[in-house]
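A.B. asks: Quick one: this structure, given as structure tokens, is what I'll be asking you about.
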Amino acid sequence: MEYFVAAANERSFTGAARALNVSVPAVARLVGALEQRLGVALFERTVQGLTLTADGVNYLAVCRPLMEQLDAADEALRGGALRPRGTLVLGTSPILSQHSILPALPAFHARHPDIHIDIRNIDRVTAPEASTAEVLVLYGWPKQPGMVHRHLADTRLLICAAPQYWEKHGVPVSPRDLAQHQCLLFRDHEGTVIDYWEHERDGQVEAVAVNGWLVSSHRDVILDAVIAGQGVARFTDLSIRDPLRMGLLVPVLTDWQTRQSPPINLLYRSNQRRLPRVRLFIEFLTDLFQRLEDERGPELAQQLAAEEPHWYRRRHSRASATPAAAARRASRAG
């Protein structure tokens, strides 16, 4: 059963063997023996890897909680005599892992040296790989019935460029001025180019459809281009703390609040918290993001509710092309 769950998580016998530190033939042999005993095929085997059959999906739904209960029982029995141990699988985006979580992980490791961390690139709760994670830390507004969902931190979207860019092209006085700048744009995991930026100040809402010469789904591509003076972009404040401190990025329009700054969320299955390694890591994440929020200066504090954007959960080529964006522009023009 353990080998079957590992093969389902990794979607290959090779990945399962690596995760379990056994040979590939051992995994294939035991999964095959399980299928023979059950009298059903659990996987479709192709050159691309393993795909669960309908029977496999149903069986996995039963096996996962059983394996988690056994794991919890093992750790509970060992807990009185041994330090917490095991591998904690964290699913999160590269932005959060690299810029927020990773810098603090050595301190967690020093306190709990027998807990190993396996970070997997997962940017949404509906991704196929999300089921392999014990803990998810995600941007946005995830909805997943059956999982515990906790708010970790608010963010503030900042309009930034390099000092040399502002010196050459001038600093915008209002959000509408951004339409005259080279705004480098991020494409989200649904394929939508986020080119509709909304701001609010003292009850006044100002939105602008922006454009520029570069679009990318890789946030660090945009960041490197902006630092090189190639344009303007929006970044969450907690992900650019070092470039801000070093003066590589200069934020503008900070007296305007961004209306759709994505919150940071913690998700996990309720029975996972019984595992000491999961409980300790949840406490670590909660303390970490509370500290990051506390370190934010008052001039960057986010004061608006983090409302879900109108283009979120929908497939559009550009956020400015959605009916809601068009309606908002029309109402302001009227």
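The values are calculated or read from the model by the stated rules, or taken from the named source; none is laboratory data. What you see is a predicted model; the values in this text were computed from it and never measured. Accessible surface is based on the protein model in full, side chains and every heavy atom, while ligands, DNA and RNA are left aside. Shrake-Rupley method; radii C 1.70, N 1.55, O 1.52, S 1.80 Å.
A.B. asks: Under a 5 Å amide H to amide H cut-off, with H placed in plane at 1.01 Å, what residues pair with R318 once short-range neighbours are removed?
C.D. replies: V193
A.B. asks: Quick one: compute the contact order of the range 1-107, relative version, from alpha carbon pairs under 8 angstrom and 6+ residues apart, as a percent.
C.D. replies: Reported as a whole number, the value is 19 percent.
A.B. asks: To two decimal places, what compactness ratio does the range 130-212 give when its Cα radius of gyration is scaled by 2.2 N^0.38 Å?
C.D. replies: Computed over Cα atoms of the range 130-212, the ratio equals 1.46.
A.B. asks: First check a/c for the range 3-56, with a ≥ b ≥ c the square roots of the eigenvalues of its C-alpha gyration tensor; if it is under 1.5, answer rounded, and if not, answer prolate when a/b is larger than b/c or oblate otherwise. The partial results should precede the final answer.
C.D. replies: On the way: a/c = 1.91, a/b = 1.30, b/c = 1.47.
Note, shape of the range 3-56 comes out oblate.
A.B. asks: Pairs of alpha-carbon atoms within less than 8 angstrom and 6+ residues apart define the contacts here; what relative contact order does the chain have, in percent?
C.D. replies: 20
A.B. asks: Now for a separate question. What is the percent carbon and sulfur in the accessible area of the chain, measuring with a 1.4 Å probe over the protein chains and ignoring ligands? Numbers along the way, then the final one.
C.D. replies: Values: 8680 of 16510 Å².
So the carbon and sulfur contribution to the accessible surface is 53 percent.
A.B. asks: Right, another one. Multiply the residue separation of Q180 and V221 by 0.36 nm, subtract the distance between their alpha-carbon atoms, and state the gained length in nm to one decimal.
C.D. replies: 12.6 nm
A.B. asks: Next up: Taking only protein heavy atoms and a 1.4 Å probe, what accessible area per residue, in Å², does the range 76-169 have with all protein chains in place?
C.D. replies: 49
A.B. asks: Another question about this same structure. Using only the Cα atoms of the chain, construct the convex hull and provide its projected area averaged over every direction, in square nanometres to one decimal.
C.D. replies: 20.1
A.B. asks: I would also like to ask the following. Could you work out [θ]222 nm for the chain from helices alone, using -39500 (n - 2.57) per DSSP H run of at least four and dividing by all its residues? Round to the nearest 500 deg cm²/dmol.
C.D. replies: Taken over the chain, the calculation gives -11000 deg cm²/dmol.
A.B. asks: Here's a follow-up. Over all distinct Cα pairs, what is the inverse of the mean 1/r for the range 227-276, reported as the Kirkwood hydrodynamic radius in Å? Show your work: numbers first, answer last.
C.D. replies: On the way: mean 1/r = 0.0701 Å⁻¹.
Over the range 227-276, the inverse of the mean reciprocal pair distance is 14.3 Å.
A.B. asks: On to the next question. Note the full-extension length gain between E129 and D242 as 0.36 nm times their separation in residues minus their Cα-Cα distance, in nm to one decimal.
C.D. replies: Full-extension gain reported as 37.7 nm.
A.B. asks: Here's another thing I want to ask about it. Full-extension gain between A107 and R37, please, as 0.36 nm times their residue separation minus the C-alpha to C-alpha distance.
C.D. replies: Stretched out fully, the A107 to R37 stretch lengthens by 20.5 nm.
A.B. asks: For the range 158-291, report the convex hull volume of the alpha-carbon atoms normalised per residue, in Å³, without decimals.
C.D. replies: 143
A.B. asks: Let me ask another. Using the Karplus curve 6.51 cos²θ - 1.76 cosθ + 1.60 with θ = phi - 60°, what ³J(HN,Hα) values do you get for each residue of the range 227-233, in whole Hz, with x for Gly and Pro?
C.D. replies: 4, 7, x, 8, x, 10, 8
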